[in-house]
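The values are calculated or read from the model by the stated rules, or taken from the named source; none is laboratory data. On a predicted model such as this, the values are computed, not experimentally measured, just so you know. Glycine also receives a Cβ, built like all others from the backbone with ideal geometry; neighbour counts cover every protein chain displayed. Calculation scope for accessible area: heavy atoms of the full protein, side chains included, ligands and nucleic acids excluded. Shrake-Rupley method; radii C 1.70, N 1.55, O 1.52, S 1.80 Å.
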Amino acid sequence: SQQGEEDPQALSIQEGENATMNCSYKTSINNLQWYRQNSGRGLVHLILIRSNEREKHSGRLRVTLDTSKKSSSLLITASRAADTASYFCATDAGIQGAQKLVFGQGTRLTINP
Amino acid sequence: NAGVMQNPRHLVRRRGQEARLRCSPMKGHSHVYWYRQLPEEGLKFMVYLQKENIIDESGMPKERFSAEFPKEGPSILRIQQVVRGDSAAYFCASSPGTTTGELFFGEGSRLTVL
């Protein structure tokens, strides 16, 4: 079963506005990561938050993690046209020695100029 | 440093043919992962390899699909007797160590089966 599920599936906002995407997962995790994928390209790592962290910042990105609710959110502030992409959350299995990441279906973000 | 290199970027095959996708990890990385992505969907894990070893192939179909990561050379994902349902983008990612952290992705190989 899919570990991470993003919400909404698609989001369209005006340039300069903030964009918030959510991710829910089902099992315990060691960490949760967010990736971006531009159309026709590979995934690019954005940020990693560990299970003992609640919030993390990187530039215009802010990620929160609520392990009690098994959910995370990604906030992009002051959006730009170049932020148009699909955004995926990814979780590890939370099992000692587990290596693979399981990705959600993604949120397609469109920034309108 | 060169990133993860995948080739070919685009591959067209007729039903029943074989497809071979190659992946060279980033320099210094000995862990390789293959994922498949259907249009408008997320990435589905297929297989995780270290040099000369398959660590986790739980996402790979039992038939027609195989993967290897030899001591020398790139990792290969091989699909025999391709069917139309194999049409997808196949992404390779690499990482340097054993702790689950950031994965570095290639640009993908897009397979079209006619």
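Relative contact order (percent) for chain A, with alpha-carbon contacts under 8 angstrom and 6 or more residues of separation? 39 percent. Amide hydrogen proximity for A:T84: with H placed 1.01 Å from N in the peptide plane, the residues at 5 or more positions away or on another chain lying under 5 Å are A:I111. For chain B, the share of DSSP beta bridges that are antiparallel, to the nearest 5, is 90%.
Remark: mean inter-chain Cβ contacts per residue of A:10-18 equal 0, using a 10 Å Cβ-Cβ cutoff to other protein chain atoms. Counting, for every residue in B:101-110, the Cβ atoms of other protein chains within 10 Å of its Cβ and taking the mean gives 5. Taking other residues whose beta carbon is less than 15 angstrom from the beta carbon of B:G97, and scoring Lys, Arg as +1 and Asp, Glu as -1, yields +1.
By accessible area, using a 1.4 Å probe on protein heavy atoms only, chain B has 47% of its surface on carbon and sulfur. With a 10 Å cut-off around each Cβ of B:43-52, the average count of Cβ atoms from other chains is 3. With contacts taken as Cα pairs under 8 Å and at least 6 residues apart, region B:1-46 reaches a relative contact order of 32 percent. Note that chain B shows a convex hull volume over its alpha carbon atoms of 100 Å³ per residue.
Among all lysine pairs in chain A that are eight or more places apart or on different chains, how many have alpha carbons less than 18 angstrom apart? For chain A, qualifying lysine pairs total 5.
Each Lys or Arg adds one and each Asp or Glu takes one away; over the other residues whose Cβ falls under 14 Å from the Cβ of B:G3, this sums to +1. Assuming charge only on the beta carbon of Lys and Arg (+1) and of Asp and Glu (-1), the dipole of chain B about its Cα centre is about 460 debye to the nearest 20. Once C-alpha pairs closer than 8 Å and six or more residues apart are averaged by separation and normalised to the residue number of chain B, the relative contact order reads 37 percent.
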